[in-house]
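Colleague: Before anything else, here's the structure in question.
The values are calculated or read from the model by the stated rules, or taken from the named source; none is laboratory data. All figures in this text were calculated on a predicted structure; none of them were measured in a lab. Backbone-built Cβ (ideal geometry, glycine too); neighbour counts: all protein chains shown. We work out accessible area using only protein heavy atoms, side chains counted, and drop any ligands, DNA or RNA first. Shrake-Rupley method; radii C 1.70, N 1.55, O 1.52, S 1.80 Å.
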Amino acid sequence: MIQRDSTERNRIAELECERDRLTAALEEARQDLSVLTYVVSHDLTAPLRAIDGYGAIVREEYGQKLDEAGQLYLDYMRNAARRMALMLEGLTQLSRVTRHALHSASVDLGAVAAATIATLRAASPEREVICVIGEGLHVTGDPELLRSCMSHIVDNAWKFTSARAEARIEVGRRETNGERQFFVRDNGVGFDMHYANRLFQPLQRLHSDKDFPGSGIGLALVKRIVHRHGGRIWAEADTGAGATFFFTLGA
């Protein structure tokens, strides 16, 4: 009995040491992430703004001295700097979601979707998009993160229906095996489900930046927000036949 008690105490002591080691490693990783976030949001974006800014000066003051090829290369340079700045900002947002302290409150996802669509309509008044928002979309979670989540998904649907003469976006919910699932459905360009595993990975894009501009961070951000709320997210689509994004939120 004494031998067994001693063995158990030693095992407990070992587990406590391992716990302390992992806790220290986690805190060190968190601090490293904070440093990286600072570097990305300050030290790296500043040079990119300078490149774009000086490029604008060259275009305005010396553009007439450049031939057509020179002006084209200058535009390529400025566009590349802007794309890099956009990706860095997206990565910074992704880091902030991880470190964001969750606050619980009631959130109307339908109202968030309606506000997002109103903003998109104001920015593109020439577009005619049928938008249907269902009822019963109240959830409990962090208001800031859930607004960001829904806004990104709706914005995604708006973007990928831009080539449709009769675009349609539907926001709603369904019950499947007792599980409440929210969805955003569109009739846009869709995608090949063979590449669905890349959909929520940072900086992974299934469509060209030329056709559909973006940072490649939005859906990764959405996935992280959903996971922080104890839920899951997935998509169903077909090339040329639109896409539906489903997600759940924990209790």
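Colleague: Suppose the chain between ALA165 and ALA118 were pulled fully straight at 0.36 nm per residue; how much longer would it get relative to their current alpha carbon spacing? Let's see the in-between values first.
Modeller: Details: separation 47, 0.36 × 47 = 16.92 nm, distance 1.88 nm.
Taking ALA165 through ALA118 to full extension adds about 15.0 nm, to one decimal.
Colleague: Still on this structure, please answer the following. Which one of THR45, ILE57, ALA69 is farthest out on the positive end of the charge dipole of segment 40-82, using unit charges on Cβ (Lys, Arg +1; Asp, Glu -1) and the Cα centre as origin?
Modeller: The residue sitting most towards the positive pole is THR45.
Colleague: Next question, about the same structure. Which three semi-axes in whole Å describe the equivalent ellipsoid of segment 152-205, each the square root of 5 times a Cα gyration tensor eigenvalue, listed largest first? Let's see the in-between values first.
Modeller: Values: eigenvalues 86, 63, 21 Å².
Calculated on Cα positions only, the semi-axes equal 21, 18, 10 Å.
Colleague: While we're on this one: Report the residues of segment 129-165 in range of a label on HIS103: point 7 Å along Cα→C-beta, backbone N strictly under 12 Å from it.
Modeller: 142-145
Colleague: Can you pull the percent of Cα pairs in segment 44-107 with separation above 17 Å? Please list the in-between numbers first.
Modeller: Working: 1107 of 2016 pairs.
Pairs farther apart than 17 Å: 55 percent.
Colleague: A follow-up question, please. Could you give the accessible area per residue of segment 63-190, probe 1.4 Å, as a whole number in Å²?
Modeller: Values: 6970 Å² over 128 residues.
Counting only protein heavy atoms, the per-residue value for segment 63-190 is 54 Å².
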